[in-house]
1. In percent, what relative contact order does the stretch 5-205 have, based on Cα pairs under 8 Å that are 6 or more apart in sequence?
2. Per residue of the chain, what 222 nm ellipticity follows from adding -39500 (n - 2.57) for every DSSP H run with n ≥ 4, rounded to the nearest 500?
3. Give me the extension gain from residue 200 to residue 42: residue separation times 0.36 nm, minus the current Cα-Cα distance, reported in nm with one decimal.
4. Would you mind checking the tilt of helix 47-58 against the longest principal axis of the Cα atoms of the chain, expressed as 0 to 90 degrees and rounded to 10?
5. Which angle from 0 to 90°, rounded to the nearest 10, does the C-alpha axis of helix 162-178 make with the longest principal axis of the chain?
6. Evaluate E = 1/(1 + (r/R0)^6) for residue 12 and residue 128, where r is the Cβ-Cβ distance and R0 equals 30 Å; express this FRET efficiency to the nearest 0.05.
7. At R0 = 22 Å, how high is the FRET efficiency between residue 73 and residue 94 if r is their beta carbon distance? Nearest 0.05 is fine.
8. What's the FRET efficiency of residue 109 with residue 164 using the Cβ-Cβ distance as r and R₀ = 30 Å, to the nearest 0.05?
């Protein structure tokens, strides 16, 4: 396993604390949770309703996928939560997609705000696309998730959000390549996948 190309690239880079910190703080689940909260608040009639919808959505989009990831790590003896080896991502991706798919159904049946449901469907489509690509190649989930957030927040809250989210996207791209977690092509691919899917799916549903 030590000669796996993903591990060779990782070990070729000396550890960089700032890159690791950025990658941890802007973890896909964190970025997704913040995006869900902002969209829920922006599309709900009251703050209390928005918080309720956000909590329900995060259960299926963040909490259950994180639990599934931890279980898979424990069962397979994986010590790296970010799953640097591409092949280790398959089962967590399938479980996450299943959880988010159920979440979409719950939101639709419960009458969630249209924009919030559109966000979750967008995330599901992006996740499925990434899962398919991951079978043969490794693109960056950090960049896919962050790019999705960049596009959705600009559409929901306005283009002024780009002043914050675009530098965040650049920071994540730098962190993932500097830490040896991804090559340049992989972060670009992740950003394109997330951004293009968000730009096509979210407006069509919201």
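A short reminder: the numbers here are calculations on the coordinates, not readings from a lab. Quantities reported herein were computed from a predicted structural model and do not represent experimental measurements. Here the Cβ positions follow ideal geometry from the backbone for every residue, glycine too, while neighbour counts run over all protein chains shown.
1. Numbers: 250 pairs, mean separation 61.7, N = 201.
Relative contact order, the stretch 5-205: 31 percent.
2. Details: 10 runs with 156 residues, N = 206.
Here the helix-only value at 222 nm equals -25000 deg cm²/dmol.
3. On the way: separation 158, 0.36 × 158 = 56.88 nm, distance 2.03 nm.
Roughly 54.8 nm would be gained on extension.
4. Once rounded, the angle reads 40 degrees.
5. 20 degrees
6. On the way: r = 32 Å, r/R0 = 1.05.
FRET efficiency, residue 12 to residue 128: 0.45.
7. Numbers: r = 15 Å, r/R0 = 0.68.
According to the calculation, E is roughly 0.90.
8. Working: r = 34 Å, r/R0 = 1.13.
Approximately 0.30, to the nearest 0.05.
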